[in-house]
């Protein structure tokens, strides 16, 4: 066997390097001997740390509540059946249900029936909620008002999963729910926000009944584009009385 193999960095081909301009995925990272370069290895570990931090982070409730005041809508704080983050990660089913106190809050709420209930949930990235919810709502709420849709009190749910919006919408007697929730972090995106739209929300619905707009963040789907997609789907869902796989986005609605 040869004993004098050179130890050197093999540079990625020009074709792969050019593709890096179009994606944040880890391509064309090169190698040092049989390993990836130290800089790339350290960057991977840093991204992994950001993803873990996003999962365990908390929503800045004080800042969020203060900023929501600008919309002149009531705000109600709720909690899922998960009392802490560890339980939330271990019991996804509990994250889809409100606790008793939260159910009582909504049951006692005297708000009349409405078109839309907006729900904000931490999900798997509180970073996303802290960074993107308010800028997105600043675009969405005026468009909802412009289209004469009635809006329920804004709901904040701690330790919530996507399906918890079904119970919220049902208790608020809303025709449709829009939940803005932190998405599961990836190694290039620890702060992506997701938006899920469900017509006629009720407990027990499954994912094919929802429409999802994903990767909302400046580096992904920007606020303007996301708001347009959300409003288009909301308008169609309320007009056609459906959502999910049977609802296709009509891109011309808000042109």
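Okay, here's what the table says:
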| read-out | value |
| --- | --- |
| Residue 250, sole failed condition from (1) in contact with a strand residue (DSSP E or B) (Cβ under 9 Å, 6 or more places away or on another chain); (2) surrounded by fewer than 17 Cβ atoms within 10 Å (Cβ to Cβ) | (1) |
| Subset of the range 199-229 (residues that are buried (at least 19 other Cβ atoms within 10 Å of the Cβ), in contact with a helix residue (DSSP H, G or I) (Cβ under 6 Å, 6 or more places away or on another chain) and under 22 Å from residue 167 (Cβ atoms)) | 199, 201, 205, 211, 213 |
| Selection status of residue 68, assigned to a helix (DSSP H, G or I), touching a strand residue (DSSP E or B) at 6+ places or on another chain (Cβ under 6 Å) and crowded, with 16+ Cβ neighbours inside 10 Å | yes |
| Within the range 140-151, tally of residues that are touching a residue at least 40 places away in the same chain (Cβ under 8 Å) and more than 16 Å from the chain's Cα centre (by Cα) | 6 |
| Qualifying residue in the range 72-80 (condition: in a helix (DSSP H, G or I), touching a helix residue (DSSP H, G or I) at 6+ places or on another chain (Cβ under 9 Å) and either closer than 20 Å to residue 195 by Cβ or touching a residue at least 40 places away in the same chain (Cβ under 8 Å) (or both)) | no |
| Where residue 241 falls short, out of the listed (1) touching a strand residue (DSSP E or B) at 6+ places or on another chain (Cβ under 8 Å); (2) surrounded by 15 or more Cβ atoms within 10 Å (Cβ to Cβ); (3) at pLDDT 95 or above | (2) |
| Evaluation of residue 191 against (1) at pLDDT below 95; (2) farther than 22 Å from residue 65 by Cβ; (3) under 14 Å from the mean Cα position of the chain (by Cα) (one fails), failing number | (2) |
| Qualifying residues in the range 85-111 (those that are outside any helix (DSSP H, G or I) and in contact (Cβ under 8 Å) with a residue 24 or more places away in the chain) - the one surrounded by the most Cβ atoms within 10 Å (Cβ to Cβ) | 98 |
| Residues within the range 194-237 that are over 10 Å from the mean Cα position of the chain (by Cα) and under 20 Å from residue 127 (Cα atoms), tallied | 9 |
| Meets criteria (at pLDDT 95 or above, surrounded by fewer than 24 Cβ atoms within 10 Å (Cβ to Cβ) and under 24 Å from residue 58 (Cβ atoms)) for residue 156 | yes |
| Residue in the range 33-47 that is under 18 Å from the mean Cα position of the chain (by Cα) and surrounded by 13 or more Cβ atoms within 10 Å (Cβ to Cβ) present | no |
| Hits in the range 18-32 (condition: surrounded by 14 or more Cβ atoms within 10 Å (Cβ to Cβ) and either closer than 11 Å to residue 188 by Cβ or over 31 Å from the mean Cα position of the chain (by Cα) (or both)) | 26, 30, 31, 32 |
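Quick grid of which residues meet (1) without any contact (Cβ under 8 Å) to a residue 12 or more places away in the chain; (2) closer than 22 Å to residue 94 by Cα; (3) in a helix (DSSP H, G or I):
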| position | (1), (2), (3) |
| --- | --- |
| 129 | no, yes, yes |
| 166 | no, yes, yes |
| 175 | no, no, no |
| 203 | no, yes, no |
| 213 | no, no, no |
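Let's see how each residue does on (1) within 10 Å of the chain's Cα centre (by Cα); (2) at pLDDT below 95; (3) in a helix (DSSP H, G or I):
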{"residue": "120", "(1), (2), (3)": "yes, no, no"}
{"residue": "135", "(1), (2), (3)": "no, no, yes"}
{"residue": "178", "(1), (2), (3)": "no, no, no"}
{"residue": "186", "(1), (2), (3)": "no, yes, no"}
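The values are calculated or read from the model by the stated rules, or taken from the named source; none is laboratory data. This is a predicted model, so every value here is computed, not measured. Methodologically, a virtual Cβ is constructed for each residue, glycine included, from the backbone with ideal geometry; neighbour enumeration extends over all protein chains shown.
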